[in-house]
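A short reminder: the numbers here are calculations on the coordinates, not readings from a lab. Owing to the predicted nature of the structure, the values given are computational and were not obtained by experimental measurement. Quick reminder, even Gly has a Cβ in these numbers, built from the backbone with ideal geometry, and neighbours come from all protein chains shown.
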């Protein structure tokens with residue numbers, strides 16, 4: 001495939017690009033077992049079943065006294081306190097008529113007791129007995145064994161993503177580790193003679209390679225295991241060697257940054273073709289981010305992101321993030337939310353615009369979306385200050401302040 005062939009290919013819509021990149025992605029089949037403390041955000045490989053019953057015994061829900069309900073009916077009589085039951089220190093005897101046991105929240109209910117008399121409804125006498133001041137129903141303030149879950153119950157369904165609550169539930173069910181879907185392996189390769197790493201000496205025609213760090217953050221937050229392939233110079237051999245490395249290292253997604261256009265120094269597409277990458281498309285009707293390449297090399301997904309900072313970050317948000325999530329077992333289509341325009345917008349052309357904007361959520365039920373005045377794709381400072389990407393669909397008519405709009409939250 002030469003540059004002329006690439007430049008003549010049709011431009012596809014954002015929706016079609018999303019369907020080809022994310023819609024065709026299948027969750028990874030491989031799993032791994034991780035300690036529970038490392039499970040947050042991971043996807044459970046299969047149903048997680050409780051190894052124990054919780055609570056494992058009838059437990060008190062309140063501080064008070066374990067009693068027989070029949071002993072707390074009017075006319076009230078004094079009850080002899082024969083012991084104490086606390087969390088981790090149970091009372092091993094049996095309560096008989098006219099007896100009670102001091103008990104605390106979470107402690108096992110002694111044999112013979114069928115209710116908890118809360119301490120506010122008990123008076124201590126000078127002789128050390130207690131006198132109920134209110135009747136109590138059978139079963140009152142007792143948590144039955146298995147009230148939360150029983151051994152063998154499904155605690156978390158397979159394909160669920162671990163939240164803090166699900167991690168706590170797994171721990172309560174007796175699981176120190178869990179089997180999860182393997183994290184997608186994502187390699188990031190920046191290309192270009194003009195690039196240097198932060199802190200390195202910079203020449204008069206060079207710039208700092210900032211995109212790598214932003215793209216890595218997006219991928220990692222989506223659940224990827226990151227591999228930084230550094231910077232490849234504008235040389236087909238150097239770029240090709242790193243594509244070969246990605247294939248050899250079983251990378252799931254190879255992300256290249258820069259070199260995705262049709263200029264004489266844009267070599268990524270040529271290298272992809274020489275390595276047998278089945279290139280699906282390379283132009284998307286969007287702004288910023290039109291020169292976006294996507295394809296497959298065997299099982300490896302290949303994404304060629306544009307080099308301009310805002311273009312790179314926007315396309316990673318729209319395509320790389322959901323691809324990582326889909327491979328990791330969490331299909332997560334881009335969520336468009338409804339807002340209100342905070343400024344007038346001109347009519348749009350044939351491309352979908354993703355306009356960097358801030359959100360004002362304090363003054364209205366529906367957030368006000370305020371677009372930045374400057375939208376050049378080279379302006380990383382504008383993207384960094386943005387809360388949202390305001391969508392202006394292709395051929396959208398002019399819009400007024402206060403009109404409804406759609407946006408993607410960046411947080």
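Treat the count of other C-beta atoms within 10 Å as a stand-in for reagent exposure and order 117, 267 from fewest to most. Write down the numbers at each step before the final one.
Details: 117 28, 267 24.
By the 10 Å Cβ count, ascending, the order reads 267, 117.
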Practice problem: Convert 4 °C to kelvin, take the viscosity as 1.567 mPa s, use the Kirkwood radius over C-alpha pairs of segment 59-143 as Rh, and evaluate the Stokes-Einstein diffusion coefficient in µm²/s, rounded to a whole number. | Solution: 107
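Determine, from the Cβ-Cβ distance of residue 111 and residue 29 and an R0 of 60 Å, the FRET efficiency 1/(1 + (r/R0)^6), rounded to the nearest 0.05.
Numbers: r = 51 Å, r/R0 = 0.86.
With R0 = 60 Å, the Cβ-Cβ based efficiency is 0.70.
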Exercise. With springs only between Cα atoms under 10 Å apart, run a GNM on the chain and tell me which of 306, 108, 184 wobbles the most.
Key: 108
Quiz item: Label residue 238 and residue 148 with points 7 Å out from Cα along Cα→Cβ: what is the distance between them in nm?
Solution: 5.7
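In what sequence do 290, 321, 111 fall when counting other Cβ within 10 Å, fewest first?
Working: 290 18, 321 21, 111 13.
Least to most surrounded, the residues fall as 111, 290, 321.
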Quiz prompt | Share of alpha-carbon pairs per 5 Å distance bin for segment 337-409, given as whole % | solution = 4, 18, 28, 27, 17, 5, 1
Quiz item: Want the number for residue 86 to residue 163: 0.36 nm per residue separation, take away the alpha-carbon distance, what's left?
Solution: 24.6 nm
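Contour minus end-to-end for residue 118 and residue 77, with contour as 0.36 nm per residue of separation and end-to-end as the Cα-Cα distance?
Between residue 118 and residue 77, full extension yields 13.2 nm more.
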Self-check item: Length-normalised contact order of the chain in % [C-alpha pairs under 8 Å, at least 6 apart]
Solution: 16
Quiz item: Among 232, 168, 248, which one shows the biggest mean-square fluctuation in a GNM of the chain, springs joining Cα atoms closer than 10 Å?
Solution: 248
Exercise. Rank these for me by crowding, 197, 254, 189, 379, going from fewest to most other beta carbons within 10 Å.
Key: 197, 379, 189, 254
Quiz item: Counting DSSP beta bridges with both partners in segment 337-409, what percentage is antiparallel, nearest 5?
Solution: 90
Practice problem: Return one number: the angle in degrees, 0 to 90 and rounded to the nearest 10, between the long axis of the Cα atoms of helix 211-222 and the longest principal axis of the Cα atoms of the chain. | Solution: 30
Exercise. With springs only between Cα atoms under 10 Å apart, run a GNM on the chain and tell me which of 131, 20, 182 wobbles the most.
Key: 131
Quiz item: Distance in nm between label sites at residue 344 and residue 52, each 7 Å beyond Cα in the beta-carbon direction?
Solution: 6.8
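Taking Cα pairs under 8 Å and at least six residues apart, what relative contact order does segment 337-409 come out at, in percent?
Details: 160 pairs, mean separation 35.8, N = 73.
Relative contact order here is 49 percent.
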Quiz item: Using the beta-carbon distance between residue 20 and residue 127 and R0 = 60 Å, what value does 1/(1 + (r/R0)^6) give for FRET efficiency, to the nearest 0.05?
Solution: 0.10
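Can you tell me the length gained on complete extension of the stretch residue 200 to residue 361, counting 0.36 nm per residue apart and subtracting the Cα distance? Intermediate results must be reported in sequence, preceding the final value.
Details: separation 161, 0.36 × 161 = 57.96 nm, distance 4.06 nm.
This chain segment gains 53.9 nm when fully extended.
Quick one: of the DSSP bridges fully inside the chain, what percent are antiparallel, nearest 5?
Expressed as a percentage, antiparallel bridges in the chain total about 65.
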Quiz item: Taking every DSSP beta bridge that has both residues in segment 59-143, what percent is antiparallel when rounded to the nearest 5?
Solution: 75
Quiz prompt | Sorted largest first, extent of the chain alpha carbons per principal axis (Å) | solution = 99, 53, 41
Self-check item: Principal-axis tilt of helix 236-248 within the chain, Cα atoms, nearest 10 degrees
Solution: 30
